[in-house]
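Worksheet: the structure to be examined is printed underneath.
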Amino acid sequence: MSKIIEIARKEIGQKESPNNSNKTIYGKWFGYDGVAWCGMFVSWCYSKADCQLPRIGFAKGFAGCQTAVAYFKKNKLTTVNPEEGDIVFFDWNGDNRYDH
């Protein structure tokens, strides 16, 4: 799992182009550019680490947090004790919908 973290760290500073467009290298790779890209970034990191995520709505992994959380819950792949390399989702505004 440390390979996933290493790959993600190398992407620090990567920007949308143009700014505030949601257009990224991750969206291009995923085939769904110009939309919120946090899930695509996670899928990209896992793929680059040779740990391809399963089809979670898309052939290359997942794009939306809600879809991914539903998948992981359905397949009993959730934990309250995450370890390095686990995918963590956040509900920033407390509305029971995962935002990031």
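FRET efficiency for residue 10 and residue 51, Cβ-Cβ distance as r, R0 = 22 Å, nearest 0.05? Write out the running numbers ahead of the final one.
On the way: r = 16 Å, r/R0 = 0.72.
That gives a FRET efficiency of 0.90.
What does the C-alpha gyration tensor say about the overall shape of segment 39-89? Classify as rounded when a/c is under 1.5, otherwise prolate if a/b is larger than b/c, or oblate. Before the final figure, lay out each step's value.
Numbers: a/c = 1.78, a/b = 1.17, b/c = 1.52.
Verdict is oblate for segment 39-89.
When the helix-only estimate is applied to the chain (DSSP H runs of n ≥ 4, each -39,500 (n - 2.57), divided by the residue count), what is the mean residue ellipticity at 222 nm, nearest 500 deg cm²/dmol?
The helix contribution divided over the chain gives -10000 deg cm²/dmol.
Which whole-number percent gives the relative contact order of the chain, counting Cα pairs below 8 Å spaced six or more residues apart?
Working: 113 pairs, mean separation 21.2, N = 100.
In percent, rounded to a whole number, it is 21.
For segment 56-100, which trypsin sites (Lys or Arg not before Pro) pass both filters: DSSP loop (anything but H, G, I, E, B) and at most 13 other C-beta atoms within 10 Å? Please report the intermediate quantities before stating the final value.
Numbers: sites: 60, 73, 74, 76, 97; in loops: 60, 76, 97.
Those satisfying the criteria are 76, 97.
Using the Karplus curve 6.51 cos²θ - 1.76 cosθ + 1.60 with θ = phi - 60°, what ³J(HN,Hα) values do you get for each residue of segment 38-46, in whole Hz, with x for Gly and Pro?
So the Karplus estimates, Gly and Pro as x, are 4, x, 5, 4, 4, 4, 4, 4, 4 Hz.
With 10 Å bins from zero, work out the P(r) of segment 10-81 over every alpha carbon pair and list the percent per bin.
20, 49, 26, 5
For residue 53, list long-range residues whose amide hydrogen, built 1.01 Å from N in the peptide plane, is under 5 Å from its own amide hydrogen.
47
What distance in nm lies between label points placed 7 Å from Cα along the C-beta direction at residue 92 and residue 76?
Going by the 7 Å Cα→Cβ label model, 3.4 nm.
Just to check I understand the Karplus step: with θ = phi - 60° and J = 6.51 cos²θ - 1.76 cosθ + 1.60, what whole-Hz values come out for segment 75-87, glycine and proline as x?
Going residue by residue, I get 8, 6, 10, 9, 8, 9, 10, x, 10, 3, x, 6, 8 Hz, with x marking Gly and Pro.
Rule-based calculations on the coordinates, nothing more; no lab input. Everything numeric in this text was worked out from a predicted model, so none of it was measured. Neighbour counts are summed over all protein chains in view; Cβ atoms, including those assigned to glycine, are modelled from backbone coordinates with ideal geometry.
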